[in-house]
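Any read-out appearing in this document is the output of simple, stated calculations on the displayed coordinates, not a laboratory observation. For clarity, every value in this text was computed on a predicted model and none was experimentally measured. Every residue, glycine among them, receives a Cβ derived from its backbone with ideal geometry; neighbour counts consider all protein chains shown.
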Amino acid sequence: MLGLFSPEEAMIYALAAPLLGMLGIMLADKAPNVREGITLITAGVTFYLVLIVFNSVAQGARPEVPLFEMMPGLSLSFKLEPLGALFSLIASGLWIVNSLYSIGYMRGTNEKHQTRFYMCFALAIVAALGIAWSANLITFFLFYEALTLSTFLLVTHKGDEKAMRGGNIYLGILMGTSIALLLPAIVLTYVLTGGGDFTEGGILAGSLDEHSWVVMGLLALYMFGIGKAALMPIHSWLPNAMVAPTPVSAFLHAVAVVKAGVFGVMKVALYIFGTDFLSQSGANIAFIWIAALSILLASAIAMAQDNLKARLAYSTVSQLAYISLGAMLANSMGVMGGSMQIAMHALGKMTLFMCAGAIYVAHHKTLVSEMSGLGRKMPITFGLFFIGALSIIGLPPMGGMWPKFFLMVGAADAGQLAIIFVLALSSVLNVIYLLSIPIKAFYMAPDNHHGLAEIEPPPWRWSDREEAPFLCLLPPLLTAVGTIALFFLVGDLYKFLSPLIGGA
Amino acid sequence: MDFIAQLPVLPVVLPFVAAPLCLLLPAGRAPWVWATLVAWATFALSLILLEQVWINGTISYAMGGWSAPMGIAYRIDLTNGMVLALISFVAAVVFPYAGPSVRDEIAHKQTPAFYTALLLCFAGLIGVTITGDAFNVFVFLEISSLSTYVLVAMGAGRDRRALTAAFNYLVMGTIGATFFVIGLGLLYMATGTLNMIDLHERLVGQDNRVVKAAFAFIVTGLGLKLAMLPLHLWLPPAYSYAPSSITAFLAATATKVAVYIMLRFLYTVFGFDFPFLSVALDFFLILGVAGMFVASLAAMFQDDIKMMLAYSSVAQIGYMLLGISLGTVDGVAAGLLHLVNHAFMKAALFMAVGCVVLRLGSHQLSAFQGLAKRMPWTAWGMVIAAMSLAGIPGTAGFISKFALLQASFDKGGLTPTIAGFLIVLSSLLAVVYLMRVVRVMLQPLPESGPFTKPVVRPPLLMRVSLWVMVLANIYFGLQGGGLIALTRRAASILMGVDAGGAM
Amino acid sequence: MNEPLQLISDFQPSANLMQFIEISILTLLLVVSIAMLRMRRLFGVVMLSGIYSFLSALFFVALDAVDVAFTEAAVGAGISTILMLSAMLLTARREKPFVPGHAFLALLVCVVVGGALVYATFDAPLYGDPMAPANAYVGQAYVDRMAVEISMPNIVTGVLASYRGYDTMGETAVIFTAALGVMLLLGLGSERGGRVVSDVPPEPEASPSSDSTAQNSTAQNSTGQKSPAPTANSPIGREDAP
Amino acid sequence: MMDHLILRVMIKLFFAPILLFALYVQFHGDYGPGGGFQAGVIFASAFILFALGFGLRTTQKAVPPSVLPYFMVTGLLLYAGTGVVTLFLGGNFLDYYVLAPNSHHNAGQHMGIFLVELGVGMAVFSSMLTIFYYFAGREPEISDEDW
């Protein structure tokens, strides 16, 4: 089956399929069941196509698809490498899961404009795939902006004043940083090197003195210009984007948008600067510490959040900084850790968000303080939440353990021993702000916010459950299983990603 | 008649002869159809001419058979060949659009005279573009300017402020023209010739007060015509109150031609060995940057969309001046590229606004509420054109902004680098003011106020014309290579005229 | 053409009666223009502008530019004066009151322009210098070649209609455009046009154009009543259009 | 308006000579000062003078405003058309030589200049009169107290 299309064809079709699906969704505006059916079919087809591409990359192929020549030396083209293949696989795979979840959530909460919602979603997938497969900085930039714009409509989905304000901050920061910082960085790269193709080993090495202040400036432009990576202090769009419906938060802000950002950081570090050049220049040290500070500060802020989604959002900021940290460590273990974190965090955070959404659908609760005793009513949801939390914290047997492990090794390799301490401290903070939620849900009485249950509750029965609809439970179940599976599949993942660090 | 040999003069003779004939046509549709056909034919001629210039190099044509310093010569190189093709393309798209729009805004009886004025304006702009004679520039500039004043004033049927706007435009434009002609007089005093190439040859080595004063007068006069920053005040009201189709046409052509003439005088007539040039270029750099910011900031506070777009035009002229002021082939090429691309985006935007004006009778921001629901084709066309104006990748605006940035960084040195960052900063301002409109368009339909009644879609012809422009934005955003090669070559030919080659 | 042009030659103009006449005319021009500036009654200003044009025509005669003088006399002193009078009747008879400080920018521009022109004259060729580029180059060529190529006694006509005939065509189009503009703005179907004209003097109380009621034309619509000033959100003004 | 007897007599007296002078300027432009532009203006000024003395409506009976656009168009087209004709005769635009290619005394130039000057004259005359008509037609006749 996988041999039906060549990888090049599959790439084109994979980009075209969501667009076609979008058209179908638009036409099926009046028939919700057909519409959702189209969404699921499209997601499935896209995933299948991406799987073909992924498979070919695993076998060592590097398919290329040139599309347009926008300017001489400035073309719109795609080229695959393992990191992009991984990202595209995650994005398209989780689209299926998320579509299932969206159906449950959107119907459960009776949202308006569902057609527009699914259309924008499809568009965002195209943008994410484009980012994943971009062969040069310009293609990356184009799809980066496309992702911002298509998700803007999702963030402001509710259309009320609050949503618009959040959307404005979202768009303002993402657009602002990309135009004011990323674009000049890209142009500077073009001017310096005469091209912006992502090339193994980086392209700046020959054309720039590594100790020049330009390296530092350029790196700063990239790191802050890729606003989606949410490195502090330009993270504030992320919590503000939580006004969106939960599936959007789950998918786009745990997977597509933020991962597009850190993926970009990783790619710039690997293929524009080159890890060797970066570590020799010394410019990365500053950003290692900015990332480390982001990790700690965001975790600290997360602890103070009562709104569950906000807490998860700050947790995301913290976790994303792990990836930036990995990129900036600029050695093989750091890169490996960062890359793995892209996959692991996606599954873990997705689970958490979907559970949060399920809680909202079933009980309309958004504040952590209101969730005491809720575990009795929603044992499955909170059970899944627990698994997701463990993965984020980085405890075995969850996949989330591995990136932290590799990052610590990388930090040691880079001689940044303090970073190991930072990572450890962060894990402790994670334990506090994430595990407290299921503990509260399971062990506290519903109406007592202050301590453990004083009166023995009546024995729990299966029929006490008041869970969210089935379609809101199945997806987090899938991702939770995924986190566990990845713990055991890490060897394959390592092998797949090893070309990034110079391995075969 | 040898078609190819006579080709250079045909694009201007055709509309020039067609204009008076148009006055005799019966009122109604006939003048419009006539003007449209003429515009299409002119566009075809311009394309053939551009192709000829691309293949055979610069073409000269002696008017009346009198050779250059004695008579008037046409001289078409890639730069003006390109501007010519641009103007006639805009006309070929906007004139069909004008039909339904003008029917609504201009009295039935006036249609023949109106289209006559439009054709004269068109012919004047083309004449300015392809001539190689400095005084001939003035003559045709006057034809186009006079008809422009009238066309702007025709907006009075909708909003009487058009009369005041046209009057201010007339006063400013006339001052500009006077300055320009004083400059020409001084140049003639210093050289005894009016032909551009001849002027350049005889200006070489002249560094006296006559030439300096001439330079200052010409630059100031043209600065008025192209709405350079402190001299821009006529533009926003004129564009805002003119009839919709006129705004679309003028915004995409008139200032572009003025920018081209400025380029022509700077690089062909005066040239690099003119010692005053570098001072002027520094001046342009400052004015360009100031224009980008002042006008963008002004645009942010406009509730009238046409006014907002007009201010944005002033800002975009700042970009072009910035490119020109770099004084490198890349810089000038980027300026030219932005000139072309900006014509596409502004034409599309003003055409979209025109559709709204036709159906809702207003170009206030409040009329745009819920437009995406009410008039989806218009609204989304406008969104794409706005994205192009903001420089979102995948659109023409991105390509020219990229080229401008590249040229500034490439020039090296602190000032151009800072200018590059200022470009991106000011385009952020563009994002802000355009986002305001887009947001309003995406909102649900208003429930109260004057714009609640349902509206019919704008006529198909208007939507098609609008989308031709929108697609041009996308096409040149994805396949900008040809255009870039064209502007590069045009710029190097334009600047290569200079013998010293002070690059 | 490799040597730089020399604008200053060793030409020496001689003083004569002609120069005295020219200076007198220039002085009169100055006097008339100052009088125009100071006068508030527009009728007087129009008359003075006619006189100004006529003096200019005289000056052109003194410069031996008879064709230009001819045109100036016919257009400037003749038709323009009449048109200014007709235009004046459409508006007020007196200028708006002078606002102190308002004219500062205009004054500044005038001073700068005048200064620049004076600045330029320091390097300008002397008046009447036969070696000046304007006289020696193309100008001389016209004189030399005219007899052979066009054989027409009036060189000006030859240059205007043949050598630079294309410019003249453009100038004709400018006049055409001006008339077209007036047709569009004041003619039938225009916003304010289409008034029936009668030779019978209007009733005094119906006269819409006495000094006291009308300060400017834009405040009036075609029935002579004050129209409401356009406001920012009155998008449609079609009702009062004919 | 009926009591400007002297004015009217003088206007009547001058009207024909002014027209004649205009024609002289038009057709003698090759030899002496003048040409189409001046002739057109002078021709128009004769009618304007007439209108000042005898009223706009009387003048418009003689030269109806509706014919003026035709004059304007014809004038301009005469000029541009000459150019187009030279194009079709194989010359450059406005290259009058091709009008009489075998002439030894530049008859083509003379013919071309005559034609274009005539065009200029017509266009200028009718344009000037049009402008005057529209301005003067905007208000009732100038009454004595208005002056």
| query | Semi-axes, largest first, in whole Å: what does sqrt of 5 times each Cα gyration tensor eigenvalue give for the range B:280-503? | reply | 35, 18, 12
| note | proj_area_mean for the range B:306-388 (convex hull on C-alpha atoms), units nm², value 5.2 nm²
| Magnitude of the charge dipole, the range C:13-109, Cβ model with Lys/Arg +1 and Asp/Glu -1, debye to 20 | 700 debye
| What residues qualify as long-range amide H neighbours of residue B:192, i.e. H under 5 Å apart, gap of 5 or more or another chain, H built at 1.01 Å from N? | C:134
| task | Go ahead and set up a Gaussian network model of chain D, Cα springs under 10 Å, then flag whichever of D:127, D:103, D:45 fluctuates most. | result | D:103
| request: Return the single residue from D:130, D:74, D:58 with maximal mean-square fluctuation; model: Gaussian network over chain D, springs between Cα atoms under 10 Å. | output: D:58
| Principal axes of the protein assembly as shown: Cα extent on each, largest first, Å | 126, 74, 61
| field | ³J(HN,Hα), Karplus 6.51/-1.76/1.60, whole Hz, each residue of the range A:55-62, x for Gly, Pro | value | 4, 5, 5, 4, 8, x, 6, 10
| query | Using the reciprocal of the averaged 1/r over all distinct C-alpha pairs, how large is the Kirkwood radius of the range C:16-94 in Å? | reply | 13.1 Å
| remark: Once amide hydrogens are built 1.01 Å from N within the peptide plane, the residues lying 5 or more places from residue A:77 or on another chain with amide H under 5 Å from its amide H are A:67, A:135, A:136, A:139
| field | Dipole moment magnitude, nearest 20 debye, the protein assembly as shown about Cα centre, only Lys, Arg, Asp, Glu C-beta charged | value | 3660 debye
| field | Over 27 Å between alpha carbons, listed pairs B:212/B:401; A:30/A:309; B:225/B:401; A:30/B:373; A:158/A:440 | value | B:212/B:401; A:30/A:309; A:158/A:440
| remark: Treating only Lys and Arg (+1) and Asp and Glu (-1) as charged, each at its beta carbon, one finds that the range A:283-504 has a dipole about its Cα centre, in Debye to the nearest 20, of 240 debye
| Contour minus Cα-Cα distance for residue B:44 and residue B:283 (0.36 nm per residue) | 82.2 nm
| request: Take the Cα gyration tensor of the range A:181-254, multiply each eigenvalue by 5, square-root it, and list the three semi-axes largest first, rounded to whole angstrom. | output: 32, 13, 9
| task | Could you bin all the Cα-Cα distances of chain B into 10 Å bins starting at 0 and give me the percent of pairs in each, rounded to whole numbers? | result | 4, 21, 32, 27, 12, 3, 0, 0
| task | Using every pair of alpha-carbon atoms in the range B:225-378, split the distances into 10 Å bins beginning at 0 and state the percent of pairs per bin, rounded to integers. | result | 12, 39, 29, 14, 5, 1
| request: Let me know the mean shielding of C:78-91 by other chains, meaning the per-residue number of their Cβ atoms within 10 Å of its Cβ. | output: 5
| Descending Cα extents along the principal axes, the range A:283-504, whole Å | 58, 32, 25
| field | Per-residue average of Cβ from other chains inside 10 Å of B:388-395 | value | 5
| message | Please compute the average number of Cβ atoms from other chains found within 10 Å of each residue's Cβ in peptide A:177-186. | response | 5
| query | How far, in degrees from 0 to 90, does helix B:10-23 lean away from the longest principal axis of the Cα atoms of chain B, to the nearest 10? | reply | 50 degrees
| said: Per residue of the range D:46-51, what does 6.51 cos²θ - 1.76 cosθ + 1.60 with θ = phi - 60° give for ³J(HN,Hα)? Whole Hz please, x for Gly and Pro, Karplus curve as stated. | reply: 4, 6, 5, 4, 4, 5
| said: Run the simple label-point estimate for residue D:67 and residue B:492 please: 7 Å along Cα→C-beta, distance reported in nm. | reply: 6.2 nm
| field | Amide hydrogen neighbours beyond the local backbone of residue A:307, cut-off 5 Å, H modeled | value | A:368
| said: Under the 0.36 nm per residue contour assumption, what length would be gained going from the current alpha-carbon distance of residue A:220 and residue A:116 to full extension? | reply: 33.8 nm
| field | Backbone HN-Hα couplings from phi across the range A:293-302 [Karplus 6.51/-1.76/1.60, Hz, Gly and Pro as x] | value | 5, 4, 4, 6, 5, 5, 4, 4, 5, 4
| task | Run through every distinct alpha carbon pair of the range D:5-146 and return the Kirkwood hydrodynamic radius in angstroms, one decimal place. | result | 16.6 Å
| task | Would you give the gap between the C-alpha center of the range A:208-244 and the C-alpha center of the range C:122-137, rounded to a whole Å? | result | 65 Å
